[in-house]
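Read through the structure below, which is laid out as structure tokens, and then see the notes.
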Amino acid sequence: MEPILKTENLRYVYGADTPFEKVAVDNINLEIFEDEFIGVIGRTGSGKSTLIQHFNGILRPTSGTVFYNGSDCWAKAFSRNALRFNVGLVFQYPEYQLFEETVEKDIAFGPSNMGLPADEIEKRISDSLRFVGLDDSVRKSSPFELSGGQKRRIAIAGIMAMNPRVLILDEPTAGLDPRGRDEILQRISEYRSEKKSTVIIVSHNMEDISRVCSKVLVMRKGQVEMFAPVNEVFEHSEELCSMGLNVPQITRVFISLKEKGFDVPSSVYTPAQACDAVIKAIGGDGT
């Protein structure tokens with residue numbers, strides 16, 4: 001199976017050949033396939049945002065290659081405009097991307113630039129509002145008069161309206177309260193299930209990643225530290241903690257129990273796993 005996104009020896013340097021030169025990503029080799037739900041984690045400065053900006057052609061590699069659906073994204077005949085319709089990127093604090101007079105005009109901007117007919121654009125506006133938990137009553141509102149949480153949903157809806165094959169979100173839950181965070185993640189999961197899209201979420205919050213993603217990419221100092229299914233990554237939970245990453249609270253509890261001599265795994269990251277581990281530790285059979 002051909003990966004939908006692939007990087008070969010990807011390297012990007014900010015301020016090359018200046019006193020401020022900084023290697024942001026270095027020798028990245030990845031394959032991402034259709035219908036995967038990937039979480040990207042790492043400390044500030046680890047290269048997460050730089051990496052994802054290569055996936056839709058915002059940044060050009062200093063060296064190495066980025067492929068979309070088998071084609072070099074920087075080949076002469078390759079259309080990066082078409083790429084950005086297929087690989088939709090929602091920036092951190094996406095509400096700052098809003099600029100139109102009304103919600104419906106903002107959401108329609110991408111589909112209109114795709115040259116879609118009016119009836120299809122109307123359908124996509126309604127569908128994308130539904131995906132982010134809003135209804136048609138906000139269509140005529142100015143996006144700047146909405147709450148912060150609603151602005152974020154509108155910005156995400158604008159990218160969803162293009163029906164990208166890959167949806168990338170950079171810290172989509174940053175600054176939201178727990179209820180708002182849970183709802184945004186639920187809506188993104190529902191979108192992926194219905195559209196069968198590949199979804200990539202960048203987050204500092206391992207709790208979020210562990211709940212919704214199937215694979216985790218761990219970045220460290222511009223390189224890939226781990227890239228594996230969630231359960232395999234959490235087998236290294238103590239190492240993740242030593243890297244300063246915010247692993248789920250329940251994982252920290254089990255690491256602490258293990259350090260105190262209890263015979264429990266340190267890779268627990270869900271309540272169900274915690275329940276099973278406790279029952280096993282006390283010699284129960286779970287009945």
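The values are calculated or read from the model by the stated rules, or taken from the named source; none is laboratory data. On a predicted model such as this, the values are computed, not experimentally measured, just so you know. In this analysis, Cβ positions are derived from the backbone assuming ideal geometry, glycine residues included, and neighbour counts consider all displayed protein chains.
Here are the numbers for this structure:
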| quantity | calculated |
| --- | --- |
| From the options V40, V13, V66, V25, residue that is outside any loop (DSSP other than H, G, I, E, B), in the same structural domain as K221 (by TED's automatic domain parsing) and in contact with a Cys (Cβ under 6 Å, 6 or more places away or on another chain) | V66 |
| Residue match in segment 97-107 (condition: on the phi > 0 side of the Ramachandran plot, under 20 Å from the mean Cα position of the chain (by Cα) and touching a residue at least 60 places away in the same chain (Cβ under 8 Å)) | no |
| Flag for E232 being surrounded by fewer than 19 Cβ atoms within 10 Å (Cβ to Cβ), in a strand (DSSP E or B) and either in contact (Cβ under 8 Å) with a residue 60 or more places away in the chain or under 20 Å from the mean Cα position of the chain (by Cα) (or both) | no |
| Single unsatisfied condition, E259 versus (1) assigned by TED's automatic domain parsing to the domain that holds I32; (2) more than 14 Å from the chain's Cα centre (by Cα); (3) charged (D, E, K, R) | (1) |
| Qualifying residue in segment 148-156 (condition: in contact with a Lys or Arg (Cβ under 9 Å, 6 or more places away or on another chain), of a type in the set (A, V, I, L, M) and surrounded by fewer than 23 Cβ atoms within 10 Å (Cβ to Cβ)) | no |
| Condition broken by E207, with the remaining ones in (1) in the same structural domain as L176 (by TED's automatic domain parsing); (2) modelled with pLDDT of 85 or more satisfied | (2) |
| Subset of segment 241-287 (residues that are touching a residue at least 24 places away in the same chain (Cβ under 8 Å) and either aromatic (F, W, Y) or more than 21 Å from V230 (Cβ to Cβ) (or both)) | Y269 |
| Residue ID - surrounded by the fewest Cβ atoms within 10 Å (Cβ to Cβ), chosen from residues in segment 114-134 that are of a type outside the set (K, R) and more than 25 Å from I201 (Cβ to Cβ) | G115 |
| Extreme residue, nearest to E207 (Cα to Cα), among residues of segment 264-287 that are at pLDDT 80 or above and among the β-branched types (V, I, T) | T270 |
| In segment 241-287, the residues that are over 23 Å from D208 (Cβ atoms) and in a helix (DSSP H, G or I) | L257, K258, E259, V278, I279, K280, A281 |
| Residues located in segment 24-48, provided they are modelled with pLDDT under 95, buried (at least 18 other Cβ atoms within 10 Å of the Cβ) and in contact with a Lys or Arg (Cβ under 7 Å, 6 or more places away or on another chain) | G42, S46 |
| Residues (in a helix (DSSP H, G or I) and within 12 Å of the chain's Cα centre (by Cα)) located in segment 207-225 | D208, I209, V212 |
| Subset of segment 157-193 (residues that are among the hydroxyl-bearing types (S, T, Y) and buried (at least 19 other Cβ atoms within 10 Å of the Cβ)) | T173, Y191 |
| Of the criteria (1) closer than 30 Å to M1 by Cα; (2) modelled with pLDDT of 95 or more, which one R80 fails | (2) |
| Q92, sole failed condition from (1) touching a helix residue (DSSP H, G or I) at 6+ places or on another chain (Cβ under 8 Å); (2) in contact (Cβ under 8 Å) with a residue 60 or more places away in the chain; (3) over 30 Å from G175 (Cα atoms); (4) in a loop (DSSP other than H, G, I, E, B) | (3) |
| Neighbours by Cβ (under 7 Å, 6+ apart or cross-chain): first from segment 46-63, over 16 Å from E225 (Cα atoms); second assigned to a loop (DSSP other than H, G, I, E, B) and not hydrophobic (A, V, I, L, M, F, W, C) | H54/P61 |
